[in-house]
Amino acid sequence: RKVILVAHYSNVYLDVNTNIPTGNGFVWGVTHKEPWFTALSPTGKFPLLEIVDAKSGASLGSLVESNAICKYVCSLAPAAFGKTSSPALYPTDDAAQMAQIDAWIDFSLIFDAVGKDWLYPMFGAAAYDQAHTAAAKATCQRTLEGLERHLASSGRAYLVTDHVTLADVVV
């Protein structure tokens, strides 16, 4: 969903293909193991973005991991081509700002790490373990408290600047 949000905010059109060749849509634990999927994503990781040449329709490769896909989509924003648009989500002309955005993107990975112990069991994707769930909840609590402290001390409504950046979308 964050990829779709980034594309929308960046005025980039993505052709979202939900017509999975199996005809059943994406099925957790099944679709990403299918031969057609692993041909595009050898590790079976998703989400997956296949990059296609607009003129020829030829595949130029694929990207996995939503944060990498988001950065790629930001690079396609009209502002990257000298056209006026809203402030860039991932401004490539400011190394310090990019580094701050990257740091917050890395910060967000804690939620993926604890998700396997807290969220996955809620969706039936992993076995429930009370101790692991409690530890994951405590980690999330501490992490979110740190996020709140940062926002309070910065005096901004956004993580890095006075406008939305990729850090705000990802976190």
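Key figures
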{"quantity": "Residues of segment 108-124 satisfying the condition of being among the aromatic types (Phe, Trp, Tyr) and out of contact with any Ser or Thr (no Cβ under 8 Å at 6 or more places or on another chain)", "calculated": "Tyr120, Phe123"}
{"quantity": "Flag if Tyr128 is hydroxyl-bearing (Ser, Thr, Tyr) and farther than 16 Å from Gln100 by Cα", "calculated": "yes"}
{"quantity": "Qualifying residues in segment 4-35 (those that are more than 21 Å from Val170 (Cα to Cα) and at pLDDT 85 or above) - the one most open to solvent (accessible area, probe 1.4 Å)", "calculated": "Lys33"}
{"quantity": "Residue within segment 84-101 that is modelled with pLDDT of 85 or more, surrounded by 13 or more Cβ atoms within 10 Å (Cβ to Cβ), under 15 Å from Val6 (Cβ atoms) and aromatic (Phe, Trp, Tyr) present", "calculated": "yes"}
{"quantity": "Enumeration of residues in segment 144-161 that are in a loop (DSSP other than H, G, I, E, B) and either of a type in the set (Phe, Trp, Tyr) or surrounded by 10 or more Cβ atoms within 10 Å (Cβ to Cβ) (or both)", "calculated": "Arg156, Ala157, Tyr158, Leu159, Val160, Thr161"}
{"quantity": "Residues of segment 26-62 classified as in a loop (DSSP other than H, G, I, E, B) and among the polar types (S, T, N, Q), total", "calculated": "3"}
{"quantity": "Cross-chain or 6+ apart pairs with Cβ under 6 Å, segment 95-115 first and in a helix (DSSP H, G or I), then open to solvent by 40 Å² or more (accessible area, probe 1.4 Å)", "calculated": "Trp104/Val171; Ser108/Val171"}
{"quantity": "Within segment 116-139, considering residues that are touching an Asp or Glu at 6+ places or on another chain (Cβ under 8 Å) and part of a helix (DSSP H, G or I), the one most open to solvent (accessible area, probe 1.4 Å)", "calculated": "His132"}
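The values are calculated or read from the model by the stated rules, or taken from the named source; none is laboratory data. Since the structure is predicted, the reported quantities are computational estimates derived from the model, not experimental observations. Because the Cβ atoms are built from the backbone with ideal geometry, glycine has one as well, and the counts that use them run over all protein chains shown. Calculation scope for accessible area: heavy atoms of the full protein, side chains included, ligands and nucleic acids excluded. Shrake-Rupley method; radii C 1.70, N 1.55, O 1.52, S 1.80 Å.
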